[in-house]
Structures are given as structure tokens and as C-alpha cells.
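Trainee: Here it is, the structure in full.
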Amino acid sequence: MTNDIIRVVLADDHAVVRAGLRAVLGGARDMQVVGEASNGVEAVAMTQRLDPDVLVMDLSMPEMDGSEATRILVAAGTKTRILILTMHSADEALVPLLESGASGFLQKSAADRELVDAVRAVAHGDPYVQPSAARVLAGGLRRKAEHPDERAKYKKLTQRERDVLRLVALGYTAPEIGERLFISPKTVDTYKQRIQEKLALSHRSEYVQFALTLGLLTKGGEHGT
């Protein structure tokens, strides 16, 4: 983030909703809305052009929905954190959304109260999930079979490799991981190479799926219990 200002792009097909979101974020001195998109195609193009810190994106949009836009941006290696908005209550779409690379999930009905906190959270690399959505996430993870092979592979990682795996899944870049772990970005890349060799993980979405399956992103999950 530049000068501690969180640069945000808003994506929603309703101009009045974007205006409302802009108004909410306008009350935060550490945030600046740098662009607005009316569909998923525009959201992808604008994010790639402006490189914002956070993309606040509606799940249901014409031409390309928020889920597909998320997958495209993550596949392209975006550093932008993605906060998904939806009109609906938390449902089974949550787990695949987070697996595809989204950093958080927020109902529009709570945007006036929680949007600023949610943007700050994902901007700093922390996942943001409302309590009701957390319950859905937990249920979805319980239903996902925890393959013994994956747990066995995870236990073969060193503690530092586990730290890197979790931080990559949370959306941190190599320089940010290096800063947190007091190692160089080059060393981070070395650990990522070892993780790829041991777990066959290369893309961030694969890191996210693996971490979610083993519960590494939930509270206390950093210990791999």
C-alpha cells in the first residue's frame, strides 16, 4: 500500500450500490476508491490496469460474475485482494469462492457496518468472513473428506515451510512473507519450491484449497492441528 492508503476498486452492476459503497469507504481516511466497474469483464481489466490493493466485487454481475472474475485474476497472478459481496445469505458457494482465491466474503446488507473493517482486513492479508459465513465454511470443510495422504504430506513439511504455505494461501506476496518471517524474498521462493516438490502445489488457488481442506486458515489452524 502506498503511504498506508488502501486503494480500492468497486465492481457492481448497479450504480446506486457503487455510490453507496463509495460513500461508506469515503468516511475512512486510509482508503481511496480509484475506480468503478459495472461487470466482471470491466472489473478484471480495471484491476489489471490500476493494480489496487483491494477489489470489492459483487458476486452476481452480467457478462462475467464475481466468481469467474476472481479465478481469472488469481490465475493471472494478481496481488490485489478480492472481497466478494452478495445479496444472499452465506451458502455453499462460500468454500469454492475462497478456494478460487477470494480473500473475504461479505453480505451487502452488512456493508454499511462492516465494509471498512472488511477492506482493512483483506488489505493486510487477513481473510474476512462474517460469523454466519464462518459456520457455513466450517460445515463445508467438515463435509470435505480430509484425505490421510494430504495430512501425511503436510506433516513432512518443516515448520518454516508450513508458515510459508499458510501465508501464501492468505494472499501474502514473497516480499511480505519475507518481512513477516525475517527472511529474504529469494528464500521464500526457495521454500515455495520445496513445497511444490513435496505437495505438488504451484498456484495460489491450490495453496488455498489445500489449506482449507486441512483447516489451516481457521483460528488456531496455523498450528496444523
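Trainee: Looking at the range 183-205 only, could you name the residues that are free of Cβ contacts under 8 Å to residues at least 60 places away in the same chain and within 22 Å of residue 121 (Cα to Cα)?
Mentor: none
Trainee: Go through the range 5-20 and give me each residue that's over 13 Å from residue 61 (Cβ atoms) and charged (D, E, K, R).
Mentor: 7
Trainee: Considering only residues of the range 122-162 that are charged (D, E, K, R) and at pLDDT below 55, which is farthest from residue 209 (Cα to Cα)?
Mentor: In this case the residue turns out to be 135.
Trainee: Another question, then. Within the range 165-222, which helices (runs of 4 or more DSSP H) (wholly inside it) include 1 or more residues that are among the hydroxyl-bearing types (Ser, Thr, Tyr), closer than 25 Å to residue 129 by Cα and modelled with pLDDT under 80?
Mentor: The qualifying helices (runs of 4 or more DSSP H) are 204-213.
Trainee: Considering only the range 164-208, state which residues are open to solvent by less than 60 Å² (accessible area, probe 1.4 Å) and charged (D, E, K, R).
Mentor: 166, 204
The values are calculated or read from the model by the stated rules, or taken from the named source; none is laboratory data. Small disclaimer: the values here were computed from a predicted structure and weren't measured. Here the Cβ is made from the backbone with ideal geometry for all residues, glycine too, and neighbour counts use every protein chain on show. Quick note on the areas: whole protein, heavy atoms, side chains included, nothing else; ligands and nucleic acids left out. Shrake-Rupley method; radii C 1.70, N 1.55, O 1.52, S 1.80 Å.
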